[in-house]
Amino acid sequence: MAINVPLSRQFDYRPPRDGACPQPGCRLLVPFGRRRAVGLVLALADSTDLPEERLRRAIAVIDDEPLFSAEDMRLIRFTADYYHHPIGEVTATALPALLRQGKPLVPSREMLAISDAGATCDLVALARRAPRQAQLLEVVADAGDGGIAADALTESLPNWRRAARPMLEKGLLRRFAARDEPAEDDAAVETEPGPALNEAQSAALLALRDRAGFAVSILDGVTGSGKTEVYLRLIQDTLDHGRQVLVLVPEIGLTPQFIARLRARLGIEPAVLHSGLADAARLLAWRRARAGAARLVIGTRSAVFTPLPNLGLIVVDEEHDPSFKQQEGLRYSARDLAIARAKHKNIPVVLGSATPSLDVLKHCRDGKYQRLVLPERAGGALPPTFRLIDLDRTPSLDGLSETLLQAIATHVDAGGQALIFLNRRGFAPTLICTACGHVAECRRCDSRMTVHAHDSSLRCHHCGASRRLDADCGECGAAVRALGAGTQRLEETLRQRFPDRRIQRIDSDSTQQRGAIDEVLALATTGDANILVGTQMLSKGHHFPNLTLVGIVNADQGLFGTDFRAAERLAQSIVQVAGRAGRESRPGEVIIQTGFASHAFWRCLIEGGYARVAADELQERAAAHWPPFSRLALIRSAAHRQVDARRFLESALSLIVQRDSPGLRVFGPVNAPMARRAGRYRAQLLLQAGDRQALHRLLQHLRPLLEEHPHARKVQWSIDVDPVELL
Ligand code: ADP
Ligand code: ZN
């Protein structure tokens, strides 16, 4: 059995005393230590290593049919193996919250119906004697043989239960439980025709249709090149064959716009799965998918685990997006699991991106993935032009250069819209004392506090701590000053400069309330907002028809990043946000401000585009033996005392060196780049190997030893296979 605890072992139980023997894929309620736990049956066995007296008996079988098919279980096992993560926690990730808690798959509803005796009862006589009973009898009788739900009764007759009691005793009414079955199939929705495909799209579609069985293809097409149109055709093919389709999108990509487009074009109601859903809604969508009733499932990362009995195609849109990788707990990549799942099922998987990750590009070079290029924007829109602004030579106001401000005026005066991009929310990233130079820092993290002006607070963006912003320095009492710019400050500066224009800020602070994001995006889409200021929340998937100017305020953080993926990430985020400009008839312009205008990266990006940056980067990675030319795993530890965090990794290191692992390189242990976060000291040990199997075997050997290790008790630790952030 798999139980949701951070231990790799599986747990053996006897079947419950009464009831049928559960099948693999069913949940059981079991005693676990002094509490009860919900577990998932992995397999049935005739024997166990546990001594007779320690083998406990399960309390009850929760499911009368398996929640997961053998195929679904295979993905769960694969995930646990590949990521070296406890299978109980993998199972928990794969289950909707309500099922994880042991709630029934199909919630049953309390129903009331009229009995034969009730049907022949003299209503007039009853009304004289007991008017409330008569009223209830009438309402229930009206509902017919199927009866009426107790919830519905409560709405019309709030006190019905008191009247019902004697009637149930006399047998005038009958009470039963009904299962809330999912709707049989998707309701048909009226469809809209799509545009005729252009040459590149047709060629890509032809190549995709040509592949039967497992194949990985990447649609490498600039933003607006019509990738979605190609997916739509392929999805339609698959639906026509009576099979289900799974579409995975990044967290910010799951917009109402995108869902509406799929619904309108395919004429079916997709089941949507994302983390913002209420638990009951999520379970309902999951059940529709599992029953085969939902033919199209769209979701973010964890939707990759959704049971889909008839799966025929998986699409991963914006494949390069970091949100496909979970950064805590089970650190899986939904993209990579999608590929594994397609392989198990022998079906095609289509990835799409304007900025494919280097991992994917390398597989294309090796001939493992098929690369299909859509070189131009569909519908005749031209690619945007790029301009670099040297901040050392241009006067600027709170981070905005005069050149950029003038360009905003020109574009907005001409009826266009401007998007000002800065990946830093808040008012200013630093609060400094004008006299002693003291900088406000978080007390629990090795980081600075961000100034938030609207409520005069200082906030830590790493641990969430906040405190009041004082006008005087806490050290010397002199005046303090906010240094640098965040999106709030840009918004304020732009308001002063363009008092007659409508300015909309879009970041996680301005869109905190439920539904706010949709409202804000609607303003941006209609063009009612002349100037948009925002973080990467703005960079993906959105189509703002009026947008002609993109200004990138400060991209330099990425130029000197410590992570070996810094250049790849920077190029991706610039190209993605630039792709918002000029998507319709008016041409777009992209202005990039930098303090390092002569850095080779800029020439490479502006002259050769993402493809050139990617090619150069691949060369460097090959030379330095970084992924995708090697495999990494990162062991992290965190503890209240630095010595504990380090000592645990020292122990891990000694276990590693005791074993001969050819081709393995070990870096560390070292303190994490942010050595203290939320009051915990963090350290890490990086493992690199040329060959995945060598690394895999080592981790397989290591994990149980670490779980048992006495030094593990004082730390929180994790293994991250294929880490995307070395933080
Ligand atoms: P991507 O997914 O690559 O960003 P989309 O499929 O969203 O691109 O297409 C961008 C825009 O171009 C959409 O408005 C779409 O309707 C339009 N479009 C796509 N393909 C064509 C085509 N062949 N002819 C005309 N317009 C097209
Ligand atoms: Zn903090």
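The values are calculated or read from the model by the stated rules, or taken from the named source; none is laboratory data. All of these numbers come straight from a predicted model, not from anything done at the bench. Cβ coordinates were reconstructed from backbone atoms using ideal geometry, including for glycine residues, and neighbour counts include every protein chain displayed.
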Among the residues of segment 610-629, is there at least one that is touching a strand residue (DSSP E or B) at 6+ places or on another chain (Cβ under 7 Å), modelled with pLDDT under 95 and at negative phi? no
Is it the case that segment 145-155 has a residue that's within 44 Å of the chain's Cα centre (by Cα), over 27 Å from Arg301 (Cβ atoms), assigned to a loop (DSSP other than H, G, I, E, B) and among the β-branched types (Val, Ile, Thr)? no
The correct count of residues that are under 36 Å from the mean Cα position of the chain (by Cα) and assigned to a helix (DSSP H, G or I) in segment 396-408 is 4
Give the residue that is nearest to Gly477 (Cα to Cα), with candidates limited to residues of segment 433-463 that are touching a residue at least 60 places away in the same chain (Cβ under 8 Å) and hydrophobic (A, V, I, L, M, F, W, C). Cys445
Would you check which residues across segment 646-664 are aliphatic (A, V, I, L, M), out of contact with any helix residue (DSSP H, G or I) (no Cβ under 7 Å at 6 or more places or on another chain) and over 14 Å from Leu706 (Cβ atoms) and list them? Val657
In the set Thr223, Thr238, which member is more than 14 Å from ligand 1 (Cβ to nearest atom), polar (S, T, N, Q) and within 28 Å of His363 (Cα to Cα)? Thr238
Among the residues of segment 156-174, count how many are part of a helix (DSSP H, G or I) and touching a Lys or Arg at 6+ places or on another chain (Cβ under 9 Å). 5
Subset of segment 283-321 (residues that are farther than 30 Å from Leu570 by Cβ, touching a helix residue (DSSP H, G or I) at 6+ places or on another chain (Cβ under 7 Å) and part of a helix (DSSP H, G or I)): Leu283, Phe305
When you look at Leu42, is it touching a strand residue (DSSP E or B) at 6+ places or on another chain (Cβ under 7 Å), without any contact (Cβ under 8 Å) to a residue 60 or more places away in the chain and under 22 Å from Arg703 (Cα atoms), yes or no? yes
Could you run through segment 341-380 and say how many residues are within 15 Å of ligand 1 (Cβ to nearest atom), buried (at least 20 other Cβ atoms within 10 Å of the Cβ) and part of a loop (DSSP other than H, G, I, E, B)? 4
Can you work out which of the residues in segment 437-467 that are of a type in the set (D, E, K, R) and at pLDDT 90 or above is nearest to the chain's Cα centre (by Cα)? Arg459
If I filter segment 67-88 down to residues being outside any helix (DSSP H, G or I) and touching a Leu at 6+ places or on another chain (Cβ under 9 Å), which single residue comes out as farthest from Pro723 (Cα to Cα)? Leu67
Under the condition of being surrounded by 13 or more Cβ atoms within 10 Å (Cβ to Cβ), over 14 Å from Gln236 (Cβ atoms) and more than 30 Å from the chain's Cα centre (by Cα), which residue from segment 190-204 is nearest to ligand 1 (Cβ to nearest atom)? Asn198
Give the residues of segment 241-267 that are surrounded by fewer than 19 Cβ atoms within 10 Å (Cβ to Cβ) and in a loop (DSSP other than H, G, I, E, B), sorted by residue number. His241, Gly242, Arg243, Thr255, Gly267
Out of the residues in segment 474-519 that are more than 27 Å from Ala414 (Cβ to Cβ) and of a type in the set (Lys, Arg), state the one that is modelled with the lowest pLDDT. Arg514
Residues of segment 708-727 that turn out to be under 28 Å from the mean Cα position of the chain (by Cα) and either surrounded by fewer than 16 Cβ atoms within 10 Å (Cβ to Cβ) or assigned to a strand (DSSP E or B) (or both), as a count: 8
Checked segment 121-138 for anything closer than 16 Å to Glu169 by Cα and assigned to a loop (DSSP other than H, G, I, E, B); matches are Cys121, Ala130
Residue under evaluation Gly253, criteria (1) at pLDDT 90 or above; (2) in contact with a Lys or Arg (Cβ under 6 Å, 6 or more places away or on another chain), criterion not met: (1)
For segment 498-509, indicate whether the set of residues that are outside any strand (DSSP E or B), surrounded by fewer than 16 Cβ atoms within 10 Å (Cβ to Cβ) and of a type in the set (Gly, Ala, Ser) is non-empty. yes
Among the residues of segment 674-727, which ones are within 16 Å of ligand 2 (Cβ to nearest atom) and touching a Phe, Trp or Tyr at 6+ places or on another chain (Cβ under 9 Å)? Ala675
Evaluate the following for Ala281: is it under 30 Å from Val520 (Cα atoms) and either within 20 Å of the chain's Cα centre (by Cα) or touching a residue at least 40 places away in the same chain (Cβ under 8 Å) (or both)? yes
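Okay, residues lined up against (1) in contact with a helix residue (DSSP H, G or I) (Cβ under 9 Å, 6 or more places away or on another chain); (2) under 28 Å from Arg682 (Cα atoms):
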| position | (1), (2) |
| --- | --- |
| Met449 | no, yes |
| His452 | yes, yes |
| Leu458 | no, yes |
| Ala465 | no, yes |
| Cys476 | no, no |
| Arg489 | no, no |
| Arg497 | yes, no |
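Can you tell me which residue among Glu192, Glu181, Glu199 is modelled with pLDDT under 85, within 30 Å of Ser539 (Cα to Cα) and more than 16 Å from ligand 2 (Cβ to nearest atom)?
So the residue among Glu192, Glu181, Glu199 that is modelled with pLDDT under 85, within 30 Å of Ser539 (Cα to Cα) and more than 16 Å from ligand 2 (Cβ to nearest atom) is Glu192.
Results for (1) surrounded by fewer than 17 Cβ atoms within 10 Å (Cβ to Cβ); (2) in contact (Cβ under 8 Å) with a residue 60 or more places away in the chain; (3) among the hydroxyl-bearing types (Ser, Thr, Tyr), shown as yes or no for each residue.
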{"residue": "Pro22", "(1), (2), (3)": "no, no, no"}
{"residue": "Arg27", "(1), (2), (3)": "no, yes, no"}
{"residue": "Arg35", "(1), (2), (3)": "yes, no, no"}
{"residue": "Val38", "(1), (2), (3)": "no, yes, no"}
{"residue": "Thr48", "(1), (2), (3)": "yes, no, yes"}
{"residue": "Pro51", "(1), (2), (3)": "yes, no, no"}
{"residue": "Asp64", "(1), (2), (3)": "yes, no, no"}
{"residue": "Glu71", "(1), (2), (3)": "yes, yes, no"}
Residue list for segment 409-445, filter: part of a strand (DSSP E or B), away from ligand 2 (no atom under 15 Å from the Cβ) and either polar (S, T, N, Q) or more than 23 Å from Gln496 (Cβ to Cβ) (or both): Gln417, Cys433
Just give me the residues in segment 446-467 being closer than 20 Å to Leu490 by Cα and either within 16 Å of ligand 1 (Cβ to nearest atom) or outside any loop (DSSP other than H, G, I, E, B) (or both), in sequence order. Arg448, Thr450, Val451, His452, Ser457, Leu458, Arg459
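Any idea which residue in segment 376-408 is nearest to ligand 2 (Cβ to nearest atom), counting only those that are farther than 30 Å from His462 by Cα and charged (D, E, K, R)?
Asp392
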